[in-house]
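To start, the structure under review is shown below, and the notes come after it.
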Amino acid sequence: MLSAFLVLLLAGASGAATPDWPSWGGPNGNFVVNGKGLPRTFADSPPKQVWQRSLGDGYSSIVSDGALLYTMYRRGSEEVVVAIDPANGTTKWEYAYEAIFQPGMVMENGPGPHATPLIFSDYVYTIGVLGRMHALERKTGKVVWRKDLFKHFPANSSMVHGFAVSPIACKNTIVVKLGEQGHAIVALNPKDGSLIWEKQNFSYTGSTPMLIDVDGQDQLVTTFNGVVVGLDPNNGELLWSHPPQGGTLDRARSNIPGYIISTPLWGPGNLLFTSSAGGGGASVLHLVQSGGKTKVDELWYNNFMRVHHSNAIRLGDYVYGSSGDSGPSPMTAVDVRTGKVAWRERTFGKVNLVVADGKVIVLDEGGDLARVTLSPEGMNVRWRVPLMQGNAWTAPALVGTKLYVRDRRTMVALDLR
């Protein structure tokens, strides 16, 4: 069956080249790229800065189609979608629209935008903190269509902190996770924004869905409050949930108010890793599919790995990521098959990670960039440089040897050759 990457490839049948970093998590949705074609000395020494430019507030990640970079930021009462020349950082086009906060919104950690754009075929798709979605022509910024998601799908509790889920491409549709009764997740027509399907009754959480292949069957996997689900990407029908609908766990995890923001990790052995902060903890599910039926077994659960709003990566049989809530978040290594913690390391604050050709790049929330070697035995820091000013909570994007990094003030392009 098609991976998420190949779905994007086929969607570009109009002749456009395959995007280099098309969406949240990169080409494979897991912040790992194969590194094909990279020079042998890639990331062996601290990178050279290619350019730096100012950028307004926001946590939206950067995406690339090879020709332009795209992201979002806030300027006063407006949200802005911007296309940037990767050669020199200059603005190629901008599209701005009014986005005044609503009564009751809590934005103490920044005004957003939070969601990452999606490149799909000839358009770039964006969603702001108020749930206002736009499809824009990649080359010109011309609006193709717009949709007020909270108006079309009302009673959405994500309005409190601002919408944060990134749209993804799935089965020639644009999938958006919204939460609430009847439209916890929806699929839209990429050409005009019309509704293709809306399903499920789960409450909103900020984690972005992902498309996986379970023994030959494509499944749309995501987390809601205390529940992990697998959905049919063709129609949104529920294939499985954990805990089962109507069921409970001994720990009553369905009632834990965890901050489920981090995207799940899918990897070899049909193992699905999920984690959240705020008491949620981490677990690994083993999925086996036959004849359209999926058997779900929980291999382990513990509260020792609590990934908050950063990402985690899997290398071999270990998952690595920052574990913590609003306080200290030491880098933690956990055995994906047993849940046993191999080590904790406080060298960095909360980090986001990107991997190419097995080489791990770390961006610390304080703004330090580093290359590290991760193994079950520990972490070795190869180099570390101060780069950003702080609150560097946005995951970097890697396009070839170029790394694109932002915080809430600045955007930087680096060459890792």
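Results, tabulated for the structure shown:
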item	result
Proxy reagent accessibility, fewest Cβ within 10 Å first, across 44, 65	44, 65
Unit charges on C-beta of K, R, D, E only; dipole of segment 4-415, Debye	460
Alpha-carbon centroid distance for the pair segment 351-395 / segment 193-244, whole angstrom	31
25 Å Cα-Cα threshold exceeded, pairs from 151/177; 92/191; 36/340; 171/295; 142/199; 147/177	36/340; 142/199
HN-Hα J in Hz across segment 73-81 - Karplus 6.51, -1.76, 1.60, θ = phi - 60°, x for Gly and Pro	7, 9, 9, x, 8, 10, 9, 10, 9
Per-selection Rg to Rh, the chain - Cα, Kirkwood hydrodynamic radius	0.93
Residue 235-residue 75 pseudo-label distance in nm [points 7 Å out on the Cα-to-Cβ vector]	4.6
Ranked 343, 383, criterion: other C-beta atoms within 10 Å, fewest first	383, 343
Residue with peak Gaussian network fluctuation, the chain [Cα springs, cutoff 10 Å], from 116, 373, 263	373
The chain, relative contact order in percent, only Cα pairs under 8 angstrom and at least six apart counted	15
From the C-alpha gyration tensor of segment 100-144, square roots of 5λ in Å	26, 10, 7
Radius, Kirkwood style, for segment 90-244 when every pair of distinct Cα atoms is counted (Å)	16.1
Distance (nanometres) between label positions extended 7 Å along Cα→Cβ at residue 381 and residue 139	4.7
Fewest-first sequence of 42, 163 by Cβ atoms within 10 Å of each Cβ	42, 163
Phi to ³J(HN,Hα) by Karplus 6.51 cos²θ - 1.76 cosθ + 1.60 over segment 114-126, Hz, x for Gly, Pro	9, 6, 9, x, 10, 9, 8, 6, 8, 10, 10, 10, 9
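Every number in this text was worked out from the coordinates using simple rules, so none of it is lab data. Note that the structure is a prediction, hence the values are computed from the model and not measured. Glycine gets a Cβ as well: all are built from the backbone with ideal geometry, and neighbour counts include every protein chain shown.
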